[in-house]
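Heads up: the structure comes next, in structure tokens.
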């Protein structure tokens, strides 16, 4: 009985000493801190693997809002970094401003109909306020951008952040403090979808002898297929 009591006391003493030792050990604290930093850095990485994309022959149009200018400007910088990583020449990246997010679908429709770009990215930021304005605008813009995709056969990337507060916006428009600039992913998405579109239209066009142009002509557009001379849009 005495032996069991002594053994229990020794075990409790050993556990306490080990716990105290861990708490006061600078090396272990530093290790824990380093682990937290690593976790934060991992959070800054994109969750999507795009692989190697060659957009050297592509023209990318970026439509951005002036509303929430600081955050949208950061997103645009991310977009430019993303498409540049995919080998899109800087002279083939065109940027046009619109007042707010509600105007993005209309501007995207105009640009898509011009046949001067291979993909479009709509960039904006919506932050929820006290009224239902946020919900109405978010829903309308989302549906509008999707409609342009399907109606024009031009990839239009949804680059509009819908956030509850400004802190959420910062984490999604900057690579600082463990955040990730989603603009980088949107740029790569535009390149990937533009390549997909070109390959699909080229494959169909080979049957008619006109790479992709017959499908676009059927929709009322006069350009946008392979081999079409794309002049710089006049409103850029």
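Every number here is computed from the coordinates shown, using simple stated rules; none is lab data. Computed from a predicted model, the values in this text were never measured in an experiment. Positions of Cβ are generated from backbone atoms using ideal geometry, with glycine treated the same way; all protein chains shown enter the neighbour counts.
Given a Förster distance of 22 Å, report the FRET efficiency between residue 176 and residue 151 from their Cβ-Cβ distance, rounded to the nearest 0.05. List each step's numbers first, then the result.
On the way: r = 38 Å, r/R0 = 1.74.
Plugging the Cβ-Cβ distance into 1/(1 + (r/R0)^6) gives 0.05.
How large is the Rg to Rh ratio of the range 60-218 when both quantities use alpha carbon positions and Rh follows Kirkwood? Could the numbers behind the result be given before it?
On the way: Rg = 16.3 Å, Rh = 16.1 Å.
Reported Rg/Rh, Kirkwood definition of Rh: 1.01.
Could you work out the relative contact order of the range 60-218, using alpha carbon pairs under 8 angstrom and six or more residues apart, expressed as a whole percent? In percent, rounded to a whole number, it is 28.
I need the peptides 155-167, 136-148, 182-194 ranked by packing, meaning the mean over residues of other C-beta atoms within 10 angstrom, with the highest value on top.
182-194, 155-167, 136-148
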